[in-house]
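Undergrad: Dumping the structure here so I can ask a few things about it.
The values are calculated or read from the model by the stated rules, or taken from the named source; none is laboratory data. Every value quoted in this text rests on a predicted model; they were computed, and no experiment measured them. Cβ sites come from the backbone with ideal geometry, for glycine too, and all protein chains shown count toward neighbours.
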């Protein structure tokens, strides 16, 4: 597992999420360190990072395998309320959950997000993430073969994006 310095992850998060389309408030940005602490404690947490030539963190993708039991988690509860339990189970079973993917604004357009995301989901038959369909990253996900599986509540509006690897599709045909 990649060793992370929470201070640099927090600094990069603040740089990425203060601007549109997210435009997080100071309160939202201030809540991220506690969320990151809980995330780092997840037993199946894994992360992939990109650093510039000076060693500065410029991109990160992290997540974990989606558990079989989706109860008692606010994200899974939101998905179930929005899409229904059977659909959520079908979309997330045996999948990798991309919790966060962000790249420094000055480093975007260099393939960093694509490389990080590809590494994160490698070997998984399925993966999923939540983002704004208006976010620039949504274009990247679509280009990489992710599909928008359904709308979710949020400000800005959110959507569930899912991915099935070519290996899985090849085995099913």
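Undergrad: Would you check if residue 54 is farther than 23 Å from residue 137 by Cα and either free of Cβ contacts under 8 Å to residues at least 24 places away in the same chain or out of contact with any helix residue (DSSP H, G or I) (no Cβ under 7 Å at 6 or more places or on another chain) (or both)?
TA: When the stated conditions are applied, residue 54 passes them.
Undergrad: Touching a residue at least 60 places away in the same chain (Cβ under 8 Å) and under 21 Å from residue 137 (Cα atoms), is that true of residue 99?
TA: yes
Undergrad: Those residues that are within 15 Å of the chain's Cα centre (by Cα) and at pLDDT 95 or above, I need them from region 17-34; list them, please.
TA: The answer is 32, and nothing else.
Undergrad: Which of the residues belonging to region 135-173 are out of contact with any helix residue (DSSP H, G or I) (no Cβ under 9 Å at 6 or more places or on another chain), modelled with pLDDT of 85 or more and either surrounded by fewer than 14 Cβ atoms within 10 Å (Cβ to Cβ) or farther than 23 Å from residue 82 by Cα (or both)?
TA: 136, 139, 142, 157
Undergrad: Quickly run through region 86-104 and pick out the residues that are over 13 Å from the mean Cα position of the chain (by Cα) and surrounded by 13 or more Cβ atoms within 10 Å (Cβ to Cβ).
TA: 87, 88, 89, 90, 91, 92, 104
Undergrad: Same structure again: Quick one: in region 20-36, of everything that is in contact (Cβ under 8 Å) with a residue 12 or more places away in the chain and in contact with a helix residue (DSSP H, G or I) (Cβ under 7 Å, 6 or more places away or on another chain), which residue is farthest from residue 96 (Cα to Cα)?
TA: Within region 20-36, the match that is farthest from residue 96 (Cα to Cα) is 29.
Undergrad: Let me ask something else about it. Quick check on region 152-166: of everything there that is touching a residue at least 40 places away in the same chain (Cβ under 8 Å) and in a loop (DSSP other than H, G, I, E, B), which residue is farthest from residue 128 (Cα to Cα)?
TA: 156
Undergrad: Right, here's the next one. State all residues of region 1-29 that are surrounded by fewer than 12 Cβ atoms within 10 Å (Cβ to Cβ) and farther than 21 Å from residue 64 by Cβ; if no residue qualifies, say none.
TA: If we filter region 1-29 for residues that are surrounded by fewer than 12 Cβ atoms within 10 Å (Cβ to Cβ), which is where we start, we get 1-3, 5, 7, 19-20, 23, 25-27.
Correct list: 7, 19, 20, 23, 25, 26, 27.
Undergrad: What's the total number of residues in region 105-126 that are under 21 Å from residue 158 (Cα atoms) and touching a residue at least 60 places away in the same chain (Cβ under 8 Å)?
TA: Counting residues in region 105-126 that are under 21 Å from residue 158 (Cα atoms) and touching a residue at least 60 places away in the same chain (Cβ under 8 Å) gives 1.
Undergrad: Just for strands (runs of 3 or more DSSP E) wholly inside region 27-141: which have at least 1 residues that are in contact with a strand residue (DSSP E or B) (Cβ under 7 Å, 6 or more places away or on another chain) and farther than 19 Å from residue 8 by Cα?
TA: In region 27-141, 57-65, 95-103, 126-131 are the strands (runs of 3 or more DSSP E) which contain 1 or more residues that are in contact with a strand residue (DSSP E or B) (Cβ under 7 Å, 6 or more places away or on another chain) and farther than 19 Å from residue 8 by Cα.
Undergrad: Against the condition within 19 Å of residue 161 (Cβ to Cβ) and either surrounded by 13 or more Cβ atoms within 10 Å (Cβ to Cβ) or modelled with pLDDT of 95 or more (or both), how does residue 49 come out, does it pass?
TA: Spelling it out, it is not the case that residue 49 is within 19 Å of residue 161 (Cβ to Cβ) and either surrounded by 13 or more Cβ atoms within 10 Å (Cβ to Cβ) or modelled with pLDDT of 95 or more (or both).
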